[in-house]
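Throughout, read-outs are computed from the coordinates displayed, never taken from laboratory work. It should be emphasised that the depicted structure is a prediction, and the values quoted were computed from it without experimental measurement. In this analysis, Cβ positions are derived from the backbone assuming ideal geometry, glycine residues included, and neighbour counts consider all displayed protein chains.
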Amino acid sequence: MAEKKKSGRPPIETNEKITKEAIIGLKQSDYETLQLRAKNANISFSEYCRKILLETNPTIIQKKFPSKETERTLAGIGNNLNQIAKHLNKEGVTFENIEIAKDQLYKIEQLIFENMI
């Protein structure tokens, strides 16, 4: 007796199966743009996003400080400014508080200027 031919879709090879999911955050406008592009390409949203992610090499611009020391210094100054603002809001404005704030702003200006050269 002849072997019965299976009906339906042929099985997908193991290395071709989609076994993982990734969740990404999108603005509503970005989501709608991707949906429209997928529709215009006559492919599913998932397939379109997968192709975009795997077949393109985006240019990524990272904002880097010249050194870790500069980054730490600026972070410290930022923390100091936040503390000054907290004290000003809590205690009110005094001459001493204004002088401290001016000093911190001068330090920030100097650091920025030094790193632009």
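Assorted remarks:
- Residue-by-residue Karplus 3J(HN,Hα) for the range 60-76, coefficients 6.51, -1.76, 1.60, Hz, glycine and proline x: 10, 9, 9, 7, 10, 8, x, 8, 5, 4, 4, 4, 5, 5, 5, 5, x
- Efficiency of FRET from Cβ geometry, residue 43 and residue 19, R₀ 22 Å, rounded to 0.05: 0.65
- Spin-label model, residue 105 to residue 9: label points 7 Å out along the Cα-to-beta-carbon direction sit 6.4 nm apart.
- Relative to the Cα centre, the charge distribution of the chain, modelled as +1 at Lys and Arg Cβ and -1 at Asp and Glu Cβ, gives a dipole magnitude of about 900 debye.
- Degrees between helix 95-116 axis and first principal axis of the chain (Cα, 0 to 90, nearest 10): 50
- Scoring 24-33, 65-74 by mean Cβ neighbours within 10 Å over their residues and listing the highest first yields 65-74, 24-33.
- Between residue 91 and residue 62, the FRET efficiency from the beta-carbon distance, with R0 = 41 Å, is close to 0.55.
- Amide H within-cut-off set for residue 65, under 5 Å, with H built and near neighbours excluded: none
- Extension gain, residue 113 to residue 52, is 18.0 nm, computed as 0.36 nm per intervening residue step minus the present C-alpha separation.
- Compared with the dominant principal axis of the Cα atoms in the chain, helix 45-55 is inclined by about 70°.
- Signed unit charges on C-beta, dipole axis of the chain, positive-most listed residue 75, 49, 88: 49
- Cα shape, the range 68-116, gyration tensor, a/c 1.5 rule: oblate
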